[in-house]
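To keep things clear, I will list the structure first and then write my remarks on it.
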Amino acid sequence: PEFLRFSAAHSTIVLNNTNISELVEKKAYKRIPKMLSFHIDENEENITWEGSHDGYKDNFKNIVKRKLIITKKNIKITGQDSIISTKKHLTKTLYNIRFHLTPICQCVLTNSQKSVFIKTELNHSWVFESENKLTLENSIYISDGVSINKTKQIVISGYSSPIKKTINWSISKIE
């Protein structure tokens, strides 16, 4: 379905509930990011992925960047999402960072609202943590492009700053 091509359907940063691209008829894009960058670095301890795009530059004067550090020794991913202003402005923009879970996961938000415990159907346990408050929202999972299954998503919400807003989070396996 066409709606699966919208950025809100992915685990990513969305500004002001606006997709980074705009679709028109016949599966064509009317608006897409002009600048995309991706860099990989690897050493004995970590794999680091860094990516950014300017999909919000025209509408909101922001560039979005995500850095992921995958630790090789223990099973952990540390993430850092940044919303970087291209012009100094006083307008704060609403952001939502969504992490969609598959239907095989059960999750619970802790009392601090800064971590979520996740358990898979194979009884593997994970913890998602953030410096920011988290919410759990209803979502859907479409495995084959047709079948719709109910699931949850972890959401970090807030407002960008006039210069740069950085949001840190992690997900790690509980042994």
Note, ILE47: beta-carbon cut-off 10 Å, +1 each Lys/Arg, -1 each Asp/Glu, net -2
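Could you please state how large a percent of the accessible area of the range 66-156 is carbon and sulfur, counting protein chains only and using a 1.4 Å probe?
The nonpolar share, carbon plus sulfur, comes to 53 percent.
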Interchain or sequence-distant (5+) residues whose placed amide H lies within less than 5 Å of the amide H of THR93 are SER160
Counted charge near THR151, where neighbours are those whose Cβ lies closer than 13 Å (Asp, Glu -1; Lys, Arg +1): +1
Can you pull the one-decimal nm distance between simple spin-label points at GLU44 and ILE77, each 7 Å off the Cα toward Cβ? 2.6
Excluding residues fewer than 8 places away in the same chain, name every one of the lysines whose C-alpha is closer than 21 Å to that of LYS164. LYS34, LYS57, LYS61, LYS65, LYS67, LYS87, LYS88, LYS92, LYS133
Relative contact order for the chain, counting Cα pairs under 8 Å that sit 6 or more residues apart, in percent: 21
Note, ³J(HN,Hα) from phi for the range 153-165, Karplus 6.51, -1.76, 1.60, rounded to Hz, x at Gly and Pro: 9, 8, 10, 10, 10, x, 10, 5, 9, x, 10, 8, 10
Which value at 222 nm does the chain reach when only helices count, each DSSP H run of 4 or more adding -39,500 (n - 2.57), with the total divided by all residues and rounded to the nearest 500 deg cm²/dmol? -500 deg cm²/dmol
Find the accessible area per residue for the range 19-157; the probe is 1.4 Å, ligands and nucleic acids are left out, and the unit is Å². 64
When we measure straight from the Cα of LYS72, which lysines land under 22 angstrom away, once same-chain ones fewer than 8 places off are left out? LYS119, LYS173
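The values are calculated or read from the model by the stated rules, or taken from the named source; none is laboratory data. None of these values were measured; they are calculated from a predicted model. Cβ: placed from backbone, ideal geometry, glycine included. Neighbour counts: every protein chain shown. The protein model used for the area step is the full one, side chains on, heavy atoms only, and it has no ligands, DNA or RNA in it. Shrake-Rupley method; radii C 1.70, N 1.55, O 1.52, S 1.80 Å.
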